[in-house]
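What follows is a single structure, written as structure tokens, with notes after it.
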Amino acid sequence: LFTSFSLMNLATSMALTSHGYMGNNYMMMMCAMTMLYSMSLWFKDMMAESTYLGDHTLAVKKGLMQGFLLFVVSEMLMFVSLFWAYLHSALNPSVELGMQWPPAGMEAMSAAELPLLNTMMLLASGVTITFAHHALINGNRKNTLYGFLYSTLLMVMFVGCQGLEYKFAPFTISDSVYGSTFFSATGLHGLHMIMLAVMLALC
């Protein structure tokens, strides 16, 4: 219940702040902190239940696996819809876009600069988390912690570079479908990286 109210208040405060109804970000930050606090309590309880309390029976594990699988499928479909919107507009640009992609009068971001660095960091974090996973399977706690640490650092650096990319982008989210699909897809991905970095830091 506490987490639900935190999420609802976070979404409401973000909407009010973005539309200029709130003059500061204090409410949004407070809601984000309460959500992170409730997440940490939830993770602590899950770890306790799954280890020394022994509450995770085979039926519970099966239910958790099915729930996680449905979550992954819903995430995949969300990203598919964003890519669909981008490709639909890119492969068949309308008259309003000037019959070209990127739209007429819009400067595209060079893929060989900051986006390339972000891609390298993302791939490197995939390598380090895979290293941590294999170390965990083999019971090597030290290498698991190193893998988690390097992955978390790479994700934080990725999010920082994503912020720089947004700051210096020659277009905004309101600049036609090009800006809205770019910022929606990359923003959602950046949000996932932030949540994953928080989860790894809590582990």
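The values are calculated or read from the model by the stated rules, or taken from the named source; none is laboratory data. What you see is a predicted model, and the numbers here were worked out from it, not measured in a lab. When we count neighbours, we look across all protein chains shown, and the Cβ atoms used for this are built from the backbone with ideal geometry, even at glycine.
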**Message:** If S151 satisfies all but one of (1) part of a loop (DSSP other than H, G, I, E, B); (2) without any contact (Cβ under 8 Å) to a residue 60 or more places away in the chain; (3) small (G, A, S), what's the number of the condition it fails?
**Reply:** (1)
**Item:** Which listed residue, of M46, M14, M39, M33, is at pLDDT below 80 and surrounded by 12 or more Cβ atoms within 10 Å (Cβ to Cβ)
**Value:** M14
**Asked** Taking the stretch 106-126, which residues are surrounded by 11 or more Cβ atoms within 10 Å (Cβ to Cβ) and more than 19 Å from C161 (Cα to Cα)?
**Response** M106
**Request:** Write out, first by first residue and then by second, each pair whose Cβ atoms fall under 7 Å of each other, whose residues are 6+ apart or on separate chains, and whose first residue, in the stretch 52-69, is surrounded by 10 or more Cβ atoms within 10 Å (Cβ to Cβ) while the second is in a loop (DSSP other than H, G, I, E, B) and at pLDDT 85 or above.
**Result:** none
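Looking at Y26, is it of a type in the set (S, T, Y) and surrounded by 14 or more Cβ atoms within 10 Å (Cβ to Cβ)? First the steps, then the outcome.
Values: of a type in the set (S, T, Y): yes; surrounded by 14 or more Cβ atoms within 10 Å (Cβ to Cβ): no.
Answer is no for this residue.
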**Message:** For a quick check of your reading of the model, give me the residue pairs whose first member lies in the stretch 179-195 and is farther than 20 Å from A32 by Cβ, whose second is outside any helix (DSSP H, G or I), with beta-carbon atoms closer than 7 Å and at least 6 apart or on different chains.
**Reply:** G179/F171; G179/T172; G179/I173; S180/I173
**Prompt:** Can you find a residue in the stretch 87-95 that is touching a residue at least 40 places away in the same chain (Cβ under 8 Å) and out of contact with any strand residue (DSSP E or B) (no Cβ under 6 Å at 6 or more places or on another chain)?
**Reply:** yes
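State all residues of the stretch 130-158 that are farther than 21 Å from T186 by Cα and among the hydrophobic types (A, V, I, L, M, F, W, C); if no residue qualifies, say none.
Step one: of the stretch 130-158, the residues farther than 21 Å from T186 by Cα are 130-150.
The answer is F131, A132, A135, L136, I137, L145, F148, L149.
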**Complete:** Given the conditions (1) small (G, A, S); (2) more than 30 Å from V177 (Cβ to Cβ); (3) in the same structural domain as H192 (by TED's automatic domain parsing), every one holds for S40 apart from (3)
**Prompt:** Going by the conditions given, is K167 surrounded by fewer than 16 Cβ atoms within 10 Å (Cβ to Cβ), more than 13 Å from the chain's Cα centre (by Cα) and modelled with pLDDT under 90?
**Reply:** yes
**Item:** Condition check for L136: of a type in the set (A, V, I, L, M), modelled with pLDDT under 85, surrounded by 11 or more Cβ atoms within 10 Å (Cβ to Cβ) and more than 18 Å from the chain's Cα centre (by Cα)
**Value:** no
